[in-house]
Amino acid sequence: MKTQKDGTDLLKEGAGTEAEEGYETITESKINTYKVRCIGISPILMNPATDELLDELEGGAGARKAKALGVSSKDKAEKKIIRSEKDEIGIPVEYLFSCLREAGRKVSYDGKSKISTKESTFLPALMAITNNFLPFLNQKAEWFVDRRRGKLPKDGTTVCIVRPRVNEWAFDVTIEVDEGEIHVDKIKELFKRAGTMVGLGDFRPSCNGQFGRFRLENFELMIE
């Protein structure tokens, strides 16, 4: 549809379809829904902000409770397993959105601008995730206790980091893409970059690690 800059409709017969001087072309929204499957190609490490940590942070900057004595590594790791309200193991939608947002710094939006910069992103205007949580497809997959040496960012103190590690994982996600704004191939590229260059969970590629990498297995248009 074309309109003049004064807001009146362009009704002249045979006016053509290209934007002309004095007129603006209005891009109509074209929302399509896709079901996407991602499969992990390296183990994922979980380390969410647990309720205990949030309770500690309520006490003010730097607040910490006394260290729990006699708590096994398995118990510590189990508390960090991410579960939905239905007790399903998986990842929050926010993890994937942040992953895609960061990958947008590597994917072109219109041939000039990237989908994301360090400070901002076009992503919410181009694509939406409709899920509330992303449960892993195999809920019976075994998880393991992962213990690694790490350093506190504040002062570099060496510590032992205990986290749950899931070696085999995959998830389905449903997305809505505005193909009036971006070609769907760009969204496919976004997922591919996100899986190999950004990753999910702790010690992922974007944090100089090798965990949480995934590949795009399926990208299917859902017909209503």
TODO: Working only within the stretch 26-49, note down all residues that are of a type in the set (Lys, Arg) and part of a strand (DSSP E or B).
DONE: 35, 37
Open item on the list: Please count how many residues of the stretch 115-135 are in a helix (DSSP H, G or I) and surrounded by 11 or more Cβ atoms within 10 Å (Cβ to Cβ).
Closed with: 3
- [ ] Taking residue 140 as the residue in question, decide whether it is of a type outside the set (A, V, I, L, M, F, W, C) and either within 30 Å of residue 222 (Cα to Cα) or in contact with a Ser or Thr (Cβ under 6 Å, 6 or more places away or on another chain) (or both).
- [x] yes
Task: Flag if residue 87 is modelled with pLDDT of 95 or more and more than 30 Å from residue 220 (Cβ to Cβ) - done: no
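How many residues are assigned to a loop (DSSP other than H, G, I, E, B) and basic (Lys, Arg) when one looks only at the stretch 136-147? Working first, answer last.
Filtering the stretch 136-147 down to residues assigned to a loop (DSSP other than H, G, I, E, B) leaves 136-142.
In the following step, the residues that additionally are basic (Lys, Arg) were identified as 140.
The qualifying residues number 1.
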Open item on the list: So, in the stretch 207-222, exactly how many residues are surrounded by fewer than 16 Cβ atoms within 10 Å (Cβ to Cβ), under 28 Å from residue 178 (Cβ atoms) and either out of contact with any Ser or Thr (no Cβ under 8 Å at 6 or more places or on another chain) or of a type in the set (D, E, K, R) (or both)?
Closed with: 4
Task: Scan of the stretch 84-119 for residues that are closer than 22 Å to residue 179 by Cβ and without any contact (Cβ under 8 Å) to a residue 12 or more places away in the chain, ordered by number - done: 110, 111, 112, 113, 114
TODO: Output the residues belonging to the stretch 90-110 that are assigned to a helix (DSSP H, G or I) and either modelled with pLDDT under 95 or among the aliphatic types (A, V, I, L, M) (or both).
DONE: 93, 96, 100, 103
- [ ] Return the only residue of 216, 126 being of a type outside the set (Lys, Arg), in contact with an Asp or Glu (Cβ under 7 Å, 6 or more places away or on another chain) and touching a residue at least 60 places away in the same chain (Cβ under 8 Å).
- [x] 126
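Just the residues that are β-branched (Val, Ile, Thr), touching a residue at least 60 places away in the same chain (Cβ under 8 Å) and out of contact with any helix residue (DSSP H, G or I) (no Cβ under 6 Å at 6 or more places or on another chain), please, taken from the stretch 145-177.
As a first pass, look at the stretch 145-177 and keep what is β-branched (Val, Ile, Thr): 145, 157-159, 161-162, 166, 173-175, 177.
If we keep only those that are touching a residue at least 60 places away in the same chain (Cβ under 8 Å) as well, we get 145, 161-162, 166, 173-175, 177.
Within the stretch 145-177, 161, 166, 173, 174, 175 meet the criteria.
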Open item on the list: Report every pair of residues separated by at least 6 positions or lying on different chains whose Cβ atoms are under 7 Å apart, first residue within the stretch 178-193 and within 16 Å of residue 222 (Cβ to Cβ) and modelled with pLDDT of 95 or more, second among the aromatic types (Phe, Trp, Tyr) and outside any helix (DSSP H, G or I).
Closed with: 188/219
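The values are calculated or read from the model by the stated rules, or taken from the named source; none is laboratory data. Because the structure is predicted, anything quoted here is derived from the model rather than measured. Every residue, glycine among them, receives a Cβ derived from its backbone with ideal geometry; neighbour counts consider all protein chains shown.
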